[in-house]
Amino acid sequence: MSNYQKAAAFLQEKIDGAYDTCVVLGSGYGNLIDKLPNKLTISYSEIPGFPVSTVPGHRGEMVFAEMNGKNVIFMSGRFHFYEGYSMSEVTFYVRVLKLLGVSNLILTNATGGINPDFRAGDLVVISDHIKLGLQSPLFGPNDETFGPRFHDMSCAYSMELREHCKTAFQKVGVPYKTGVYVMTGGPQFETPAEIRAFGILGADMVGMSTVPEVIVANHCGMNVLGISLITNLAAGISKAPLSHEEVMEEGRKATELFWKVLSELMYLI
Ligand code: HPA
């Protein structure tokens, strides 16, 4: 039995019913799940093979809940490359979700806005991404049980889920914005020269997560949706120094709106 199978079997034993959708809550989104009734919470530290999240604002819990009548798994806290995890540890949970039967993976994150039309507090749906030179989470021997050696990334963010998301944004009255996400390894924020370069490359926002999970989810045939919260204007665009506290504060403010969008989305998927 692989470590993925061990983790999935451990979880399967604790849950009732089927879960086809998982929402990964990024920096500042963690407290949202407290609103949901009847939830089963399992700490990452209990799950065989799971790394433990170390970032403030990331709780490290998997929550099995119901949202508008739909079974949804919430990952409260994720694993970042900058914490010292390997790319395969960062993405371990994605394959466990696949084995549990999840086909829709909704990833949220905090980002710095590069596109001059973006403001702190905007929710932006990811249309595509740029990985830069970071190692692929699929580096090393390929596990054929999950997907092929070389897989297509030409529509990494599901068109269908994006359309549903657009409808949900419109229902809630949130302006629908889309953008290209560029991932840096972090943990340092970028220099203004890096941000100018990323803008020229075609990036609209920058963050330190998401891309590894999107690669692994695409590899095993999951549908991916990415929603970024612009927590700050990126370095050089903002005149002020960047801080993790600022990122957390904007996260708290935008969560209400995000939650409404997510509730609507649950009727559609
Ligand atoms: N850069 C990188 N990651 C981030 C930022 C940023 O400006 N804001 C939130 N996450």
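Derivation of every value follows stated rules applied to the coordinates shown; laboratory data play no part. The model shown is predicted, which means the values in this text are computed figures rather than measured ones. Cβ sites come from the backbone with ideal geometry, for glycine too, and all protein chains shown count toward neighbours.
Taking the Cβ of C155 as the centre, find all other residues whose Cβ is under 12 Å away and add up their charges (Lys, Arg: +1; Asp, Glu: -1). Within the 12 Å Cβ shell, the charges total -2. Here K35 is the anchor, and the lysines within straight C-alpha reach of less than 29 Å, apart from those fewer than 8 places off in the same chain, are K14, K70, K98, K166, K171, K177, K253, K260. Which residue, P212, P116, P48, has the most motion in a Gaussian network model of the chain that connects Cα atoms within less than 10 Å? Highest fluctuation of the listed residues: P116.
Normalised by 2.2 N^0.38 Å, where N is the number of residues, the C-alpha radius of gyration of the range 105-189 stands at 1.31. Summarising the strand pairing of the chain, around 35 percent of its internal DSSP beta bridges are antiparallel. Out of every Cα-Cα pair that the range 118-269 contains, those further apart than 26 angstrom amount to 31 percent. Were the residues from K14 through S45 laid out at 0.36 nm apart, the gain over their Cα-Cα distance would be 9.6 nm. The eigenvalues of the Cα gyration tensor, multiplied by 5 and square-rooted, give the range 119-167 an equivalent ellipsoid with semi-axes of 28, 16, 8 Å from largest to smallest. Just so you know, the Rg over Rh for the range 3-266 is 0.94, from Cα atoms, with Rh as the Kirkwood radius. A simple spin-label model places the labels of K6 and I200 4.8 nm from each other, with each point 7 Å out along Cα-to-Cβ.
Between D34 and A240, what is the FRET efficiency for a Förster distance of 41 Å, r being their Cβ-Cβ separation, to the nearest 0.05? Given R0 = 41 Å and the Cβ-Cβ separation, E is 0.85. Its relative contact order, with pairs defined as Cα atoms under 8 Å and 6+ residues apart, puts the range 3-266 at 26 percent.
Taking the number of Cβ atoms within 10 Å of each Cβ as an exposure proxy, the fewest-first ranking of I126, I200 is I200, I126. Placing pseudo-labels 7 Å out from each Cα toward the beta carbon at Q188 and Y176 gives an inter-label distance of 4.0 nm.
Taking other C-beta atoms within 10 angstrom as a stand-in for reagent exposure, C220, C155 fall in the order C155, C220, fewest first.
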